[in-house]
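Bear in mind these aren't lab numbers, they're just calculated from the coordinates by the rules spelled out. Predicted model only: the values in this text are computed from it and were never measured. Reconstructed Cβ throughout: ideal geometry from the backbone, glycine too, with neighbour counts over all protein chains shown.
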Amino acid sequence: MKVPFAEVDCSGNELKYVSEVLASGWLTTASKTHELERRFSEMTAAKHAIAVNSCTSALHLAVEALGIGPQDQVIVPTLTFTASAEVIRYMGADPLFVDIDPDTLTITPKILERTLQLHPNVKAVIVVHYGGQSAQMLSQAGQAGILEICKKYDVKVIEDAAHALPAHHQGQMVGNFGDITCFSFYANKTMTTGEGGMLLTSNDEIAHRARTMRLHGIDRDAWDRFTSNKPAWEYDVVAPGFKYNLPDLNAAVGLAQLERLEEFRAARQKIADFYRETLSIMPFVKSQQLIETSESHAWHIFPIIVDVVSAEQRNKLIEVLFERGIGTSVHYKPLHRTQYYQEKYQLKADNYPNADHYWARCLSLPIYSKMTIDQATTVCECLYAAYREL
Ligand SMILES: *Cc1c(COP(=O)(O)O)cnc(C)c1O
């Protein structure tokens, strides 16, 4: 491949910190994980940072800690990775899929309010900061933001921020807007631990529940309350919890990645800015509309909308680009089009016109911190040539 779709960069202190963990003889959750949690709490200003083994685990702990259960409805955009919705089903609750804004590709306060007017019993919303751009969480120019609308309808806010590390909204870092924010450290994300994730919250009760459920429902605090003299082996189990803790081996990689988070972001932004400028002269391409500056965007993916007549023609474009040595991807097949959700809830594509239109025409271009402007130039040239070949 001339330009692969993604590439990780582990050329910093990753090996050094992993060696320290191996030498320490303690490979699972310990000081490196606690250090990573401390840094995330500091960076986002969220009171509690709880490291877990994936963003999916963080999202599961989030809906569990909010007490979501059978018969409850949780709003989730149809344009997202399946993990955002599956955790709602883990709890026996039902996702209420909503369409996206066709330009910013996120849900908007308007979409949310319209949905809540029709479904006043919704318990929570999972906001996805699509591509790495924060949705409109705060109010602006007299227009209520997502948080204000959720407060009005007494709806909890979970942010699926798997794309949005590090992203900003009105000058504040994503990580402490809603009740809970979840980040992903999966291999292709903006920083990685191989597999991993982080749950952030400033609510003490949510944090206590998520910490307990992260490790088998073992509550050492509950035991502490009843004894002043606790032996180290003694504990109580307060719920059938999960096994979602992040090992120190992975946290070591995360600490090294975190040192370069802004460097990585700036490198991605350079590619994104180049793409935006170069593609602006190609009339058959539309880029994601920015809500704020390019600096506030995490640029996890660079999605474009191509003027094609069908999804088949878009697929052809992917093939032609691949033959020319350019890796691309599609994010995502909207969940209303996947077999499980479509059949279970009898979903109709007509109810999600924007996500549906986007899905047939979208393409994600390569973007990663190690990518060069020469490579981005090659991508643009190949895209232009490939489109003309259709
Ligand atoms: C990657 C991703 C997830 C899942 O992250 P894992 O760490 O792999 O569990 C969830 N939501 C979105 C939007 C993602 O892109």
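In plain terms, the residue of Asp72, Asp99, Asp374 with the fewest other Cβ atoms within 10 Å comes first and the most crowded comes last, giving Asp374, Asp72, Asp99. Cross-link partners for Lys333 among the lysines, with Cα-Cα distance under 19 Å and sequence neighbours closer than 8 places in the same chain left out: Lys189, Lys286, Lys316, Lys344, Lys348. Between Phe40, Phe242, Phe177, where does the largest GNM mean-square fluctuation fall for the chain, given springs only between Cα atoms within less than 10 Å? Largest GNM mean-square fluctuation: Phe242. Take the Cα of Ala23, step 7 Å toward its Cβ, do the same at Glu343, and the gap between the two points is 5.5 nm. Mean-square fluctuations from a GNM of the chain, with a 10 angstrom spring cutoff on Cα atoms, peak among Val320, Val238, Val125 at Val238. Rg over Rh for the stretch 121-183 works out to 0.95, using Cα positions for both radii and the Kirkwood form for Rh.
Among Gln313, Gln170, Gln140, the largest mean-square fluctuation in a Gaussian network model of the chain, built with springs joining Cα atoms closer than 10 Å, belongs to Gln140.
Over all distinct Cα-Cα pairs of the stretch 130-222, the Kirkwood formula returns a hydrodynamic radius of 14.7 Å.
Antiparallel versus total DSSP beta bridges in the chain: what percent is that, nearest 5? If I count the DSSP bridges inside the chain, around 60 percent turn out antiparallel.
If the cut-off is 18 Å between C-alpha atoms, which lysines fall inside it for Lys152, apart from same-chain ones fewer than 8 positions away? Straight-line reach from Lys152, under 18 Å: Lys110, Lys123. Projecting the alpha carbon convex hull of the chain along each direction and taking the average yields 20.5 nm². Which of the lysines could be linked to Lys16 by a straight reach, that is with a Cα gap under 19 Å, when you skip same-chain ones fewer than 8 residues away? Straight-line reach from Lys16, under 19 Å: Lys32.
Counting only alpha carbon atoms, the long axis of helix 248-259 and the longest principal axis of the chain meet at about 50°. Taking every alpha-carbon pair under 8 Å whose residues sit at least 6 apart, the chain reaches a relative contact order of 23 percent. Each residue of the stretch 43-146 gets 127 Å³ once the volume of the Cα convex hull is shared out per residue.
The smallest convex shape that holds all Cα atoms of the stretch 327-390, its convex hull, gives 119 Å³ per residue.
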